[in-house]
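The block underneath contains the structure these notes are about, expressed in structure tokens.
The values are calculated or read from the model by the stated rules, or taken from the named source; none is laboratory data. Note that the structure is predicted; figures quoted are calculated from it, not measured. Cβ coordinates were reconstructed from backbone atoms using ideal geometry, including for glycine residues, and neighbour counts include every protein chain displayed. Note: areas computed on protein heavy atoms with side chains; ligands, DNA, RNA excluded. Shrake-Rupley method; radii C 1.70, N 1.55, O 1.52, S 1.80 Å.
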Amino acid sequence: MATQTNDAAGQAADAAPGMPQLDFSTFGNQIFWLVVTLVAIYLILDRIALPRIAEVLAERQDRITGDIAAAEDLKAQALAAEEAYNKALAEARTEAQTIVAKAKADMQVELEAAIAKADVEIAAKTAVSEKAIAEIRAGALDSVSLVATETATAVVAAIGGSADADAISAAVTEQMKG
Amino acid sequence: MASEAQGEETGLVFHPMEQFVVKPLFGGDTVMWYTPTNVTLWMALTVLAVFALLVLGTSRRAMIPSRMQSVGELAYGFIYRMIEDVAGKDGVKYFPYIMTLFMFIVFSNFLGLLPMAFTTTSHIAVTGVLAMAVFLTVTILGFVKHGLGFLGVFWISSAPLVLRPVLALIEVISYFVRPLSHSIRLAGNMMAGHAVIKVFAAFAAVLAISPFAIVAITAIYALEVLVAFIQAYVFAILTCVYLKDALHPHH
Amino acid sequence: MEGDIVQMGAYIGAGLACTGMGGAAVGVGHVVGNFLSGALRNPSAAAGQTATMFIGIAFAEALGIFSFLVALLLMFAV
């Protein structure tokens with residue numbers, strides 16, 4: 001068992017040392033190619049890749065800031081437009097109100113004039129009518145006393161008495177008063 | 001390799017470390033420093049992937065990005081903001097270097113997760129070079145920028161005077177452990193995850209436990225996808241932290 | 001025979017080193033748990049501190065990785 005292990009270890013050591021990382025004979029090779037690689041990557045990055053990416057990023061940054069500025073401008077414009085609109089709206093509203101108030105006042109004046117005119121006409125008509133009514137009423141009272149006297153004379157005659165015309169008219173006048 | 005010896009008896013064969021072997025790409029045994037190996041292949045693929053994402057993906061420079069371009073821009077913004085937040089405004093100068101580190105590590109980690117792939121970042125040689133590069137750069141940068149004032153990073157002036165020498169000792173030790181922990185964290189995480197997947201893959205050969213093993217492999221694989229990103233993130237953010245120490249040594 | 005004892009010691013040491021990972025697990029859990037309890041009290045401040053949490057996790061985890069490294073070194077390199 002022991003010899004076997006030793007043999008195996010020895011074989012392994014012959015084929016490849018236990019840890020290839022500690023095989024110093026390959027160090028020179030690795031270091032040489034590493035330096036070549038690093039120089040190559042450094043040249044690629046420093047000459048081509050990094051300036052290009054920096055340029056693209058800067059360009060995009062510029063574009064974004066430019067776009068943001070433009071957007072802010074547009075927003076300011078939109079705000080100004082809205083303000084102007086609101087102002088115009090308010091002005092229109094006040095104007096409309098003045099117009100309405102003026103129209104109202106005009107109408108009021110006209111209305112008052114018309115009412116005054118109508119009042120005068122009505123008053124005139126009323127006066128005429130009252131006069132007519134008074135005439136009619138006076139006429140009617142006369143007619144009523146005449147009819148009443150005649151009727152009373154007729155009634156008295158029908159009853160069979162003779163009536164004094166003066167007494168009858170006095171009675172009728174008496175009754176009409178009441 | 002006791003596990004291997006045991007495995008041969010029971011029919012199980014474990015080779016959890018075999019996947020990390022550096023092999024020449026076109027045959028042969030000797031690995032010279034210039035030999036194209038599987039390291040070369042997978043590092044080249046990493047470069048291609050970075051190129052595809054960050055160059056081809058952004059080639060249209062679209063104002064409204066495509067998916068690829070979004071991912072590229074996301075990676076850019078992610079690292080950029082991280083440096084700004086952690087290291088401060090004057091750290092932004094070092095953005096390409098940190099971006100290089102991050103892109104290399106993140107693509108190495110993700111490519112290493114492909115089946116049959118070779119994970120370059122699981123090698124201490126690779127991560128050690130990365131960590132030492134960061135460590136040396138940061139240290140030299142600190143001395144260049146602040147002269148001897150950079151040593152103030154070890155002298156914590158807000159602590160009581162009696163404690164300061166002790167704290168200074170601890171700070172010095174922790175400063176020099178930085179490259180070690182920085183490199184071994186990445187390599188260790190990658191190696192451990194891949195080795196565990198390999199061990200469970202060996203278990204899958206046994207019929208009785210293969211369903212469990214396959215479920216476990218799936219779960220660990222999902223965890224490894226997360227770890228692959230988080231380790232790259234942690235490597236980059238720690239680089240930023242060290243950079244901050246170099247740029248502003250006074251706490 | 002002597003080599004066997006050395007190897008046995010190395011494997012035992014590797015096994016013992018793995019207990020260190022438990023400590024790292026406790027540490028990481030502690031960091032994230034405290035972050036979460038703080039984040040639930042003040043969710044608006046949580047987003048800015050995620051990076052700090054990851055740095056804390058990285059430091060706590062590094063020690064667990066060290067124990068893993070010690071285990072690997074004992075198994076394969078000693």
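What FRET efficiency would be calculated for the residue pair residue A:63, residue B:229, taking the C-beta separation as r and a Förster radius of 45 Å, to the nearest 0.05? Efficiency for this residue pair is about 0.90.
Every Cα-Cα pair in the range B:43-163 was counted, and those over 23 Å apart are 50% of them. Placing +1 on the Cβ of every Lys and Arg and -1 on the Cβ of every Asp and Glu, with no other charges, gives chain A a dipole of roughly 220 debye about its Cα centre. Neighbouring Cβ atoms from other chains, within 10 Å of the Cβ of residues in B:119-125, number 5 on average. Lys-Lys pairs in chain B that are eight or more residues apart or on separate chains and whose Cα atoms lie under 26 Å of each other come to 6. The charge dipole of the range B:2-247, taken about its Cα centre with unit charges on the Cβ atoms of Lys, Arg (+1), Asp and Glu (-1) only, comes to about 880 debye. Note on A:49-62: average number of Cβ atoms from other chains within 10 Å of each residue's Cβ is 5.
Ordered from highest to lowest accessible area with the whole protein assembly present and a 1.4 Å probe, B:148, C:72, B:41 read as B:148, B:41, C:72. Given a 1.4 angstrom probe, I'd like the percentage of the accessible area of the range C:1-54 that is carbon and sulfur, rounded to a whole number. Exposed carbon and sulfur together represent 72 percent of the surface.
In summary, the convex hull built on the alpha carbon positions of the protein assembly as shown has an orientation-averaged projected area of 62.9 nm².
Membrane-span-like helices in chain B, defined purely by DSSP H runs whose alpha carbon atoms cover 24 Å or more axially and whose average Kyte-Doolittle hydropathy reaches 0.5, are B:95-112, B:124-146, B:164-203, B:210-247. Computed over protein heavy atoms with a 1.4 angstrom probe, the accessible surface ordering of A:50, B:74, B:163, largest first, is B:74, B:163, A:50.
Projecting each Cα onto the charge dipole of the protein assembly as shown (Lys/Arg +1, Asp/Glu -1 at the beta carbon, about the Cα centre), which of C:38, A:101, A:44 comes out farthest on the positive side? Looking along the dipole axis, the top candidate is A:44. Around the amide H of residue B:37, modelled in the peptide plane, lie the amide H atoms of B:25, all under 5 Å away and 5 or more residues distant in sequence or on another chain. Per residue, the convex hull spanned by the Cα atoms of the range C:2-78 measures out at 55 cubic angstrom. Stretching residue B:248 away from residue B:30 to a fully extended chain increases their span by 73.8 nm, per 0.36 nm per residue minus the current alpha-carbon distance. Fraction of C-alpha pairs exceeding 28 angstrom in the range B:2-247: 47 percent, rounded to a whole number.
Solvent-accessible surface of chain B, averaged per residue with a 1.4 angstrom probe and all protein chains in place: 47 square angstrom.
Taking the Cα centre of the protein assembly as shown as origin and assigning +1 to Lys and Arg Cβ atoms and -1 to Asp and Glu Cβ atoms, the resulting dipole is close to 1840 debye. Based on every Cα atom in the range A:64-178, Rg and the maximum pairwise Cα distance Dmax equal 42.1, 133 Å.
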